[in-house]
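Working notes, structure below.
The numbers here are math on the coordinates, done by the rules we state, and not lab data. In this text, all values refer to a predicted model and were calculated from it rather than measured experimentally. Cβ atoms come from the backbone with ideal geometry, glycine included; neighbour counts cover every protein chain shown.
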Amino acid sequence: MFRPLLTTSLIALTAPAFADTFTAEARVDTVTIYPGVATIMRQITLDLPAGRHEIIVPDLPENLNAQGLRLAAPDGVQVGAVNLAYDRLPVTPDQTSPEIVAAKEEVERLEDILRQRDVSIAEIRLRVKAAEEQVAFLQSLSQASAGETLTASAIADIQALAQMVGTETLRVRQEAFAAEEEAKAAERAREDDVEVLDDARRALAALMAPESDGSVLTFTLDAAEAGEVTVDISTLEGYANWSPVYDVRLTTGDAPQLDIDRSVVVSQQTGQDWLDVKLVLSTARPGEQIAPGGVWAPLRRIISEEELERDRREVFMMDEAPMMSRSVGAVTAAPMEMAEQEFKATANFRGASVTYTYPGTVDIRNGVEDLRLPLDQLNLEAEVWAEAVPSRDSIAYRMAEFTNTTPELLLPGQALLFADGTMIGFSQLPLLAAGAETEMGFGPLDGIVLTRATPNKSEGERGVFSSANQLTEQAIMSVENLTGQDWDVLLRDAIPYSEQDDLEVTYEASPRVTRTNPEGQRGILEWDLTVPAGEKQEVTLDYTLTWPNGYVLQ
């Protein structure tokens with residue numbers, strides 16, 4: 001069992017002597033990402049003797065939020081005073097930590113390699129110098145011997161001497177050349193050794209004196225018994241986010257089906273890499289409103305018609321003479337209107353949160369953009385039809401309706417659409433609660449051709465002695481199926497509508513209209529048609545607007 005501890009800048013009034021000071025590196029173990037923020041669980045593990053100790057945890061992200069800092073230790077271990085420093089390091093870090101010891105040993109090993117490399121290069125240079133001295137000796141020997149041989153007039157001896165000197169000189173020069181090339185190669189290798197040694201020295205320096213722009217956590221720990229102790233450090237950090245993305249694949253045919261491949265896109269700029277961490281994604285919104293907004297009752301009052309008229313005259317006079325004082329009634333009206341606008345509540349969705357635990361572990365680097373992680377696949381039944389709007393389009397469009405039959409909420413996100421294996425384009429999947437229905441477009445059907453013509457349109461008076469005006473329009477719409485399969489087609493058109501009793505709207509259609517004013521959309525007409533492959537179907541629509549004489553239609 002872990003006992004959580006709230007940290008609120010605890011400062012001990014009396015500081016007992018510590019048994020030891022330990023420096024521990026905090027490893028990120030679990031990350032829970034919400035929209036805009038993340039809860040990061042780090043762990044440190046130490047082998048401690050019994051007693052009170054000071055623990056130093058360097059290299060935490062800069063400007064860590066102290067309000068979201070929590071520590072938890074196992075039973076038998078008590079966390080004491082906690083301090084979080086931003087601008088400076090605590091006392092000298094633990095020189096005996098395994099990381100520092102290993103870094104020192106690595107620097108010493110590389111320094112020894114560099115010394116051995118320098119000795120090897122010096123030996124090669126000695127061989128080059130020895131070869132040069134041999135060449136000089138041979139040259140001096142040939143000159144002296146040649147003078148003595150010429151005095152003795154022995155041509156054969158001169159030839160033998162010249163051949164011996166030439167052969168030996170060539171051999172020695174070849175040895176010198178080979179040694180020079182070997183020395184150059186060793187010097188190039190030495191440059192790599194120097195670079196590796198510099199990197200090791202910098203790594204050691206970083207361990208000995210961590211960067212000052214990070215945060216350092218220091219706390220006391222009381223261990224009842226000696227042994228290995230693991231402490232959980234939980235922090236709340238910003239600049240992290242996630243969002244769902246979908247690949248929506250529609251398969252048409254006798255049994256249409258919708259396959260949804262769900263993935264998540266994760267990004268973080270917390271200042272520290274998350275390597276080999278457990279990832280949890282939550283739809284909760286800890287950074288948003290946590291309680292309902294207030295309501296305020298509007299103040300209403302009545303005023304007599306005489307007083308209202310007097311106020312209007314005074315306002316008119318103030319417009320004519322800006323320096324004239326305003327009445328009390330004119331001054332008090334404006335603040336009431338401003339108050340009603342300022343405190344108007346806005347409705348936001350606050351559904352139950354959903355948590356996704358990603359299987360295995362992941363690496364999410366600091367500053368990474370749009371790391372995509374697969375989540376799962378959903379298989380849903382779908383209803384497919386062609387939707388036609390001849391007044392706006394020349395072809396119909398493939399539509400699909402499906403129900404979220406899963407027990408969980410589907411979050412809104414960008415969706416890449418496919419229809420029968422062909423990529424259609426991008427859309428946005430809306431938020432879908434369990435059991436909710438929605439429909440989506442899945443691209444054009446070029447083989448379903450639409451036309452709309454208006455052969456008859458007239459406007460004028462009815463009869464010579466008529467007291468009313470009218471507008472009559474006829475529209476002929478056609479749906480031609482040039483595809484290789486039968487299609488159910490939803491045809492949609494519109495007629496004018498009126499909110500005045502004196503403006504009357506009537507219509508006739510063949511075939512008969514299936515639905516009028518769908519979902520409260522006034523003036524919208526819909527037909528459910530079945531158009532077999534290779535056939536064409538027409539719809540005729542006549543509507544008439546009638547209004548009294550003396551009025552103008554707008």
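Under 13 Å between alpha carbons, and skipping anything fewer than 8 positions from K536 in its own chain: which aspartates and glutamates qualify?
Output for K536: E480, D486, D488.
Could you give each residue of the range 375-392 its phi-based ³J(HN,Hα) in whole Hz, using Karplus coefficients 6.51, -1.76, 1.60 with θ = phi - 60°, and x for Gly or Pro?
10, 6, 10, 10, 10, 10, 7, 9, 10, 10, 8, 9, 10, 10, 10, x, 5, 10
Once fully extended, how much extra length lies between T167 and E225, figured as 0.36 nm per residue of separation less the alpha-carbon to alpha-carbon distance?
Value of the extension gain: 12.6 nm.
Using a Förster distance of 30 Å, how high is the FRET efficiency between R109 and K184, based on the Cβ-Cβ distance and rounded to 0.05?
Taking R0 as 30 Å, the efficiency between R109 and K184 is 0.75.
At 7 Å along Cα-to-Cβ for each site, give me the label-to-label distance between D192 and T422 in nm.
5.5 nm
So for each of 288-295, 214-221 I average, over its residues, the number of other beta carbons within 10 Å; can you give me the resulting order with the highest mean first?
By packing density, highest mean first, the sequence is 214-221, 288-295.
Can you work out the FRET efficiency for the pair T506 and L431, with r the C-beta to C-beta distance and R0 = 41 Å, to the nearest 0.05?
E(calc), rounded to 0.05, equals 0.50.
Need the C-alpha centroid separation for the range 364-421 versus the range 260-314, integer Å.
If we compute the Cα centre of each part, the gap is 28 Å.
Test of understanding: ordering R125, R372 by Cβ neighbours within 10 Å, fewest first, what list do you get?
Taking fewest neighbouring Cβ atoms as first place, the list is R372, R125.
Counting just the Cα atoms, what span does the range 409-554 cover along each of its three principal axes? Round to the nearest Å and put the largest first.
Cα spread of the range 409-554 along its principal axes, largest to smallest: 66, 39, 22 Å.
Going by how many other Cβ atoms sit within 10 Å of their own, how do F418, F177, F426 line up, fewest first?
With the fewest neighbours first, F418, F177, F426 line up as F426, F177, F418.
Which cross-chain or sequence-distant (5 or more) residues have an amide H under 5 Å from the amide H of E62, H modelled 1.01 Å from N in plane?
Hits under the 5 Å cutoff: S215.
Applying 1/(1 + (r/R0)^6) with R0 = 60 Å to the Cβ-Cβ distance of I303 and E62, what FRET efficiency is obtained, to the nearest 0.05?
It comes out at approximately 0.45.
Which of E526, E535 comes first, and how do the rest follow, when ranked by fewest Cβ neighbours within 10 Å?
Least crowded to most crowded, the residues run E535, E526.
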